[in-house]
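Right, one structure below, let's go through it.
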Amino acid sequence: MPGYLNIHESDTRNLTSWGNYPVVESSVFMCNDEQEARSYILNEGTTIPRGNGRSYGDSALGKNVINLLQLNKFISFDDQSGILHCESGVLLEDIVRIFLPQGWFLRVTPGTKLITVGGAIASDIHGKNHHQAGCFSSNVLDFRLLLSDGTCITCAPDQNSEIFRATCGGMGLTGIILDSRIKLQQVTSRNILQQTIKSENLQSTFDLFDKHELEPYSVAWIDSLASEKNLGRCLFMKGDFACDGNLNYSPSKSLNIPFYFPVFCLNTMSVKAFNYLYYNKIRDNFIESTVSVDAFFYPLDAVNNWNRIYGRQGFTQYQFVLPKEKSFDGLREILIRIHRSGQGSFLAVLKLFGKENENYLSFPCEGYTLALDFKVSPGIFRLLEELDKIVLSCNGRIYLSKDVRMNTAMFRKGYEKLDGFLKIRKELRADAKFISLQSIRLQL
Ligand SMILES: Cc1cc2nc3c(=O)[nH]c(=O)nc-3n(C[C@H](O)[C@H](O)[C@H](O)COP(=O)(O)OP(=O)(O)OC[C@H]3O[C@@H](n4cnc5c(N)ncnc54)[C@H](O)[C@@H]3O)c2cc1C
C-alpha cells in the first residue's frame, strides 16, 4: 500500500498513564484519521486504543498503542436537541469551552475535563450525579466502532446492542471508537450554587447523602486519617447550576507543577497536616457560595501535572464501590484499616451511585464509591490486598479505569457479567488484537 511505511511509523517511548506507574516501553502510533486506523489494525499485531492517558493504571498501556488524540474534529451539533456528533479524540475540555457559552453542558462529567470522548465511553465514566443521571453511556446515542478485521459498525442501545453494552465500560477491548453522537444538557449559567456542609463522623456523612439524595450533584471529601469519634468526617458538597443567565465562560487558568517532587515531601505527617487544614478550611459548619463550573466539577485541573507531587515512583488510585446495604459497615472497616496503617490519602472522595446499568463491565452499582490516592511504596500493595478482602466480603468491586494491581479472583468476583463480555470479545476476535497490560493481567 503506498505510504504504508510512513503511515505506520510508530514511536517507541516510555509510556505511562496518570498514576505514573508503571512505566513501560511502548510503540506508539499517532493516528490521524480513520483510514490510518484501519490500515494500522490490518497490518500490525496487537494494540490498545489510547485517549489522553488520564486513566490511572495500565488500561491504556501495552506493547503497542494507538493514540487517538488527533481524531479531534467536531462533526455536527443540533442546537434544538443538543445532540453533538464528534470524533472520539475530542476532549471534554473542548466541548465545555465551545458549548457552555451557548448554554449546553455535558450530562455526565468526571472530575477532570482532560479526557477524550472515546475514553469516557470506554470507561463508562461517572460524575457527581450518578445517583440521578447514571453513567456517560446513558447519553451516548451511538458510536462507530472499528473492529479487529478492519470493518466498522455502528453501535447503539438498539443496534448491535450487545457490542454497545460491551464497549461502554469495555476499556478499549472490543475495538476503536471512531466517533460518537452524545446528548448534551441545556444549562442556564456558567456558575454553580454550591453548599459545603461539615460532618463530624461517618454516620453524619451518610445522613447528609440521604438527606440530599434528590440534589443533582453531590460529593464528599473524607478525612481519611481521622479516627475514633471523628472517623469518616467529611466536607460534603452539593450544588446545581445557577439561574443567573451568565454564560460568559472562559476556562480557568492553571498552575503547573514543573517537576516530580522528591520522595520525602509526601509522608504521613504531610498527609495528616493537609487533611487537617482541608477539613478546617471552613470555620462554619455550612457555607454557601457561587463557584465556576471549573471550580465545582474540575478542581484538580487547576494544577497541571499535579500527579508529580507523588514523585517519580508514581501513585495509584484505589476506587471501589460497595452495595448500599453494606456501604456503612464496609466503609467503616476500610477507614479503620487505613488509619491503622498510617497510609492516609490526600484525596478520599465519596460519591453516591444510583442503579447499575446493563453494560457488561461498567463500574457503578447502587451504593457508595470511595476513591483513595496512595503513593506507590513498598507496603502499599499489601494494604490494598487487605482492603480487597473487605470489598469482596461486601460484594463490592474495583474500578478498572483506576486499577493497576487487582488479581483475577478479585476481578471475577466483582464483575459478575464478565463471561458475557468475554464471549463478545471472542466473537469479535478482539481478544487477538486489542490487548493492554491490564487485559493480560486480568486474563480478559
Ligand atoms: C483527576 C482525575 C479525575 C477523574 N475523575 C473521574 C471521575 O470522577 N469519574 C470517572 O469515572 N473517572 C474519573 N477519572 C478517570 C478518567 O475519567 C477515565 O480514566 C477516562 O477513561 C480517561 O480518558 P482518556 O481519554 O484519558 O483515556 P485513556 O486513559 O487514554 O484510556 C482509558 C481507557 O479507554 C480506552 N480508550 C480510550 N480511547 C478509546 C477509543 N477511542 N476507543 C476505544 N477505547 C478507548 C483505553 O484503551 C483505556 O482502556 C479521573 C481521572 C483523573 C486524572
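The values are calculated or read from the model by the stated rules, or taken from the named source; none is laboratory data. Not measured: the values here are computed from a predicted model. Note that each Cβ is placed from the backbone with ideal geometry, even for glycine, and that neighbours are counted across all protein chains shown. Side chains are part of the model used for accessible areas, which takes the heavy atoms of the whole protein and leaves out ligands, DNA and RNA. Shrake-Rupley method; radii C 1.70, N 1.55, O 1.52, S 1.80 Å.
Picking from residues in region 65-94 that are more than 12 Å from the ligand (Cβ to nearest atom) and open to solvent by less than 30 Å² (accessible area, probe 1.4 Å), the one that is farthest from Glu36 (Cα to Cα) is Gly82. Taking the criterion of being of a type in the set (A, V, I, L, M), more than 23 Å from Asn20 (Cα to Cα) and open to solvent by less than 50 Å² (accessible area, probe 1.4 Å), the residues of region 410-443 that qualify are Met410, Leu418, Leu422, Ile424, Leu428, Ala430.
Residue-wise test of (1) in the same structural domain as Ile398 (by TED's automatic domain parsing); (2) outside any strand (DSSP E or B); (3) in contact (Cβ under 8 Å) with a residue 12 or more places away in the chain; (4) not aliphatic (A, V, I, L, M).
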site: Asp179; (1), (2), (3), (4): no, no, yes, yes
site: Thr205; (1), (2), (3), (4): yes, yes, yes, yes
site: Leu208; (1), (2), (3), (4): yes, yes, yes, no
site: Ala226; (1), (2), (3), (4): yes, yes, yes, no
site: Lys229; (1), (2), (3), (4): yes, yes, yes, yes
site: Asn246; (1), (2), (3), (4): yes, yes, yes, yes
site: Pro251; (1), (2), (3), (4): yes, yes, yes, yes
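If you filter region 378-437 down to residues that are β-branched (Val, Ile, Thr) and in the same structural domain as Cys365 (by TED's automatic domain parsing), you find that the one that is farthest from Glu44 (Cα to Cα) is Ile390. Among residues of region 300-314 that are at positive phi, those with a beta-carbon under 7 Å from a residue that is within 11 Å of the ligand (Cβ to nearest atom) and of a type in the set (Gly, Ala, Ser) at least six positions away or on a different chain give the pairs Gly314/Gly19. Among the residues making up region 47-64, those that are basic (Lys, Arg) and within 13 Å of the ligand (Cβ to nearest atom) are Arg50, Arg54. Within region 152-165, identify whether any single residue is open to solvent by less than 40 Å² (accessible area, probe 1.4 Å), within 11 Å of the ligand (Cβ to nearest atom) and either in contact (Cβ under 8 Å) with a residue 24 or more places away in the chain or in the same structural domain as Val219 (by TED's automatic domain parsing) (or both), and answer yes or no. No, because not a single residue in region 152-165 is open to solvent by less than 40 Å² (accessible area, probe 1.4 Å), within 11 Å of the ligand (Cβ to nearest atom) and either in contact (Cβ under 8 Å) with a residue 24 or more places away in the chain or in the same structural domain as Val219 (by TED's automatic domain parsing) (or both). From the list Gln132, Gln195, the lone residue that is open to solvent by 10 Å² or more (accessible area, probe 1.4 Å), within 30 Å of Gly232 (Cα to Cα), more than 8 Å from the ligand (Cβ to nearest atom) and outside the structural domain of Leu400 (by TED's automatic domain parsing) is Gln132.
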